[in-house]
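Here, each number is a calculation from the coordinates, and none is a lab measurement. Nothing here was measured: the structure is a model prediction, and the numbers come from that model.
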Amino acid sequence: MYRHENGLTWQTSTYTNSGACVEVARPAGEVLVRDSKRRTGPRISVTPGTFAAMVDWAKTHQV
């Protein structure tokens, strides 16, 4: 699912069916991550490499 806000395109994982997930936006040079249930709340900014490493880790670990 894609949501457009303030010039950013936020994306939710296609594996999410409950709406309780994170959303990501990818402006140049960074990846923004926020809680899909608190869209106006805080967000974190990570480098694309850090985000890719986090996704790879999540694919192999159950949380």
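Estimated from helical segments only, the mean residue ellipticity of the chain at 222 nm is -6500 deg cm²/dmol, where each DSSP H run of four or more residues counts as -39500 (n - 2.57). Look at (i) 1.82; (ii) 0.95; (iii) 1.03: the one that is Rg/Rh (Cα atoms, Kirkwood Rh) derived from this structure is (ii).
Once the Cα-Cα distance is subtracted from the 0.36 nm per residue extended length, the residue 46 to residue 2 segment shows a gain of 13.9 nm.
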